Amino acid sequence: MNNVLSRRNFVRSGALAAAAYAASSAVPAAGIAAPAHDAASPVNLGLCSYTFRNFDRAQMIGFMKQLNVLALNAKDVKDHLPMDPAEEAKALDDYHAAGIQLHAIGTVYFPKDEDDDIRNKFEYAKRAGVSVIVAGDPAPGTLRRIEKFVKEYDIRLAIHNHGPEDELWHSPLDVLKAVSNMDPRMGCCIDIGHTVRAGTDVVEAIKQVGPRLFNMHTKDLTDFTAKDSQVAVGEGSMPMRRIFETLIAMKYKGFVDLEYEVHGDDPMPGVIASFAYMRGVLAGMGYGK
């Protein structure tokens, strides 16, 4: 980790970016207007702090600066964003000093169907200044209670699907069924890797969730049936250009957050490659900034 921007990593990321650019330079899909030359990207790339779960906050901030990624979805892991108010304030000061903007927190868990426990999570989000809570495991029976706090705090709840192992939320479509008649601030965080492992077409799921999509966790797989086949984005089979086209067509304003869950002790090579590929795809689509 001492030389994360080594020549080998640089060459690898450059090759992935070039490949992504070439693969994405085709005519835009129907309904997608070609952008002006080097237009600013309408896709907001960010990072899930869980990617650096084995590293402390100071180390993660250093990595983010190297990546030129300043948008963070922070989790209470290591010291990234502690739930203790005093410790949370220290973390927020560090992020502000580094120019890093928090846009979501999570994954946050709701094990109790109790007002005090739920309010504690919303106060945590309020202190952080975020507009989205990514929720990991809310039981269907707690959603109406959580909905009251969504309305009170005006903070959106994005339920994260965890694939076929998840007893409740296999696919974003399961989430959509549960929240479709609730406040419009009750919605989804689509984890695209877990979505394809659940046998769901990820592009169609994005379209169906539509305005209830509040956050996206991004990863790639070489085998859509195997959790342990995760690789850097661009090295698997995830249809990233189609995903980006769909997000742009629906005018998605949230973030596409990289959640790289493999090589926890040495994630930077895969993280560098992932951002290089995604930026290459967007560049090939005509977005240069």
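Among residues other than VAL262 with Cβ under 12 Å from its Cβ, the summed charge is -4 (Lys and Arg +1, Asp and Glu -1).
Taking the accessible area of the chain, probe 1.4 Å, and keeping the other protein chains in place, the carbon and sulfur fraction comes to 51%.
Computed over neighbours whose Cβ is under 13 Å from that of LYS207, the net charge equals 0, Lys and Arg +1, Asp and Glu -1.
Excluding residues on the same chain fewer than 8 positions from LYS219, give the aspartates and glutamates whose Cα lies under 14 Å from its Cα. Answer for LYS219, where 14 Å is the Cα cut-off: ASP191, ASP228, GLU235, ASP257, GLU259, GLU261, listed by chain and number. Each helix, a run of at least 4 DSSP H residues, gives -39500 (n - 2.57); summed and divided by the residues of the chain, these come to -12500 deg cm²/dmol at 222 nm. The share of Cα pairs per 10 Å bin across the chain, counted from zero up to the longest distance, runs 6, 29, 36, 23, 5, 0 percent. Within the shell of other residues whose beta carbon sits under 12 angstrom from the beta carbon of THR142, the net charge comes to -1, with Lys and Arg scored +1 and Asp and Glu -1. Per residue, the stretch 232-289 exposes 34 Å² of solvent-accessible protein surface, assessed with a 1.4 angstrom probe and all protein chains in place.
With viscosity 1.567 mPa s and temperature 4 °C, the Kirkwood radius over alpha carbon pairs of the stretch 229-286 converts through Stokes-Einstein to a diffusion coefficient of 105 µm²/s. A DSSP coil position with no more than 16 other Cβ atoms inside 10 Å describes the following trypsin sites (Lys or Arg not before Pro) in the stretch 65-139: LYS112. For the chain, DSSP calls about 5 percent of its internal beta bridges antiparallel.
Accessible surface calculations at 1.4 Å, restricted to protein heavy atoms, place the stretch 58-103 at 47 Å² per residue. Over 22 Å apart at the Cα level, from the set LYS207/LYS253; LYS207/LYS227; LYS126/LYS151; LYS207/LYS251, are LYS207/LYS227.
The values are calculated or read from the model by the stated rules, or taken from the named source; none is laboratory data. Small disclaimer: the values here were computed from a predicted structure and weren't measured. So basically every Cβ, Gly included, is an ideal-geometry build from the backbone, and we count neighbours across all protein chains shown. Just the protein is used for accessible areas: all its heavy atoms, side chains included, with ligands, DNA and RNA removed. Shrake-Rupley method; radii C 1.70, N 1.55, O 1.52, S 1.80 Å.
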